[in-house]
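The values are calculated or read from the model by the stated rules, or taken from the named source; none is laboratory data. None of the values given here were measured: they were computed from a predicted structure. Heads up, the Cβs are rebuilt from the backbone with ideal geometry, glycines too, and the neighbour counts pull from every protein chain shown.
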């Protein structure tokens, strides 16, 4: 895929061509500061020690509203060929993590699992993005060329429809909308309403969500003259799940604090990593394969420091030949977590991507 796409409900950014690639946020930030480019787009990896995939595009265009392409190519038949770890192993891993959490060294850690998908013909990143945006109109649809991250990512793309905004920055005003705490949607309206209400009243999920809002408050407070963090979350939903969400707003002290620098400071939040961050990240490195760009951040920052960054969830990494894709989903584990329920949560979250690809089986 030659370019970058971020489609949000109010505005879409599309770019084409690459003038320069950057595998660190620091190098990309320097290019903006020096005036070498007026815009940086791309993705930050889940693990801050891994290479980023950031670029200075040749050209770009902002348009009002979500992306609505005229015609796109049909998607091929796709099937699940591998699960890492297998479901029984994921349950055992979560059970082991719960034991660690009960020892008190960690407050929360996110456990993820992946499925490998194989296609009968190349998957078009643009077509998949269009399908996901159409099926998830309130989400933040994205498609990113990952080539700037180095040889292991040449020609690969990250495509998804994220429900979670890491941050938006306009002038000195910054907004965040973290999600943490999940319950499945139900076909029956009464049962669905009961699930949502139960999530709002869930001690376990409220505690999981509070870790995230406290982290964001701690990061943003020194940078802001004003910061509003509501005491309790609100209920929001996707086609597959209910989430707890908290709208956070602040006014930055310094105009020089850019959207890219904020993304680096805030990422990874406890919503995708855990808390304390260093201990949770070390635990994830110990028990999982590299998450690559799943759980990272996708977005843009311009020369004025404005920008939007969303959390890279509900997504898949597509191979350079388009014949294989890797989709990952995770769930926040706390001491009260039930391992079987955590497996079910990842299965539900994977459906956003699998539904767009027409995959019927539930991994």
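Could you count how many residues in segment 202-229 are out of contact with any helix residue (DSSP H, G or I) (no Cβ under 7 Å at 6 or more places or on another chain) and either in a helix (DSSP H, G or I) or modelled with pLDDT under 95 (or both)?
19
Counting only residues that are in contact with a helix residue (DSSP H, G or I) (Cβ under 9 Å, 6 or more places away or on another chain) and buried (at least 19 other Cβ atoms within 10 Å of the Cβ), how many does segment 24-36 have?
4
Could you pull out the residue among 117, 106, 75 that is closer than 19 Å to residue 270 by Cβ and touching a helix residue (DSSP H, G or I) at 6+ places or on another chain (Cβ under 9 Å)?
Exactly one of 117, 106, 75 is closer than 19 Å to residue 270 by Cβ and touching a helix residue (DSSP H, G or I) at 6+ places or on another chain (Cβ under 9 Å), namely 106.
Could you check, for segment 246-261, whether at least one of its residues is surrounded by 23 or more Cβ atoms within 10 Å (Cβ to Cβ), modelled with pLDDT of 95 or more and either at positive phi or under 15 Å from the mean Cα position of the chain (by Cα) (or both)?
no
From the residues in segment 323-338 that are more than 19 Å from the chain's Cα centre (by Cα) and within 24 Å of residue 118 (Cα to Cα), which one is surrounded by the fewest Cβ atoms within 10 Å (Cβ to Cβ)?
Result: 323.
From (1) in contact with a strand residue (DSSP E or B) (Cβ under 8 Å, 6 or more places away or on another chain); (2) outside any helix (DSSP H, G or I); (3) closer than 20 Å to residue 348 by Cα, pick out the condition that doesn't hold for residue 133.
With (1) in contact with a strand residue (DSSP E or B) (Cβ under 8 Å, 6 or more places away or on another chain); (2) outside any helix (DSSP H, G or I); (3) closer than 20 Å to residue 348 by Cα applied to residue 133, the lone miss is (2).
Before we move on, is residue 198 crowded, with 24+ Cβ neighbours inside 10 Å and either under 19 Å from residue 241 (Cβ atoms) or modelled with pLDDT of 95 or more (or both)?
It is false that residue 198 is crowded, with 24+ Cβ neighbours inside 10 Å and either under 19 Å from residue 241 (Cβ atoms) or modelled with pLDDT of 95 or more (or both).
Within segment 110-120, identify whether any single residue is in a strand (DSSP E or B), surrounded by fewer than 23 Cβ atoms within 10 Å (Cβ to Cβ) and out of contact with any strand residue (DSSP E or B) (no Cβ under 8 Å at 6 or more places or on another chain), and answer yes or no.
No, that holds for no residue.
Take residue 330 and decide whether it is more than 25 Å from residue 29 (Cα to Cα), in contact with a helix residue (DSSP H, G or I) (Cβ under 8 Å, 6 or more places away or on another chain) and part of a strand (DSSP E or B).
Yes: the conditions hold for residue 330.
Please find, within segment 172-187, the residue that is surrounded by the fewest Cβ atoms within 10 Å (Cβ to Cβ) out of those that are in a strand (DSSP E or B) and touching a helix residue (DSSP H, G or I) at 6+ places or on another chain (Cβ under 6 Å).
In this case the residue turns out to be 184.
Here are 170, 177, 186: which of them is out of contact with any strand residue (DSSP E or B) (no Cβ under 8 Å at 6 or more places or on another chain) and under 30 Å from residue 3 (Cβ atoms)?
Answer to the selection: 170.
Determine which single condition residue 341 fails, assuming it passes every other condition in (1) touching a residue at least 40 places away in the same chain (Cβ under 8 Å); (2) over 17 Å from residue 175 (Cβ atoms); (3) surrounded by fewer than 24 Cβ atoms within 10 Å (Cβ to Cβ).
Result: residue 341 fails condition (1) only.
If we keep just the residues of segment 150-162 that are surrounded by fewer than 24 Cβ atoms within 10 Å (Cβ to Cβ) and in contact with a strand residue (DSSP E or B) (Cβ under 9 Å, 6 or more places away or on another chain), which is farthest from residue 111 (Cα to Cα)?
Among those residues, the one meeting the criterion is 155.
Filter segment 9-23 for residues that are out of contact with any helix residue (DSSP H, G or I) (no Cβ under 8 Å at 6 or more places or on another chain) and surrounded by fewer than 20 Cβ atoms within 10 Å (Cβ to Cβ); which is farthest from residue 127 (Cα to Cα)?
19
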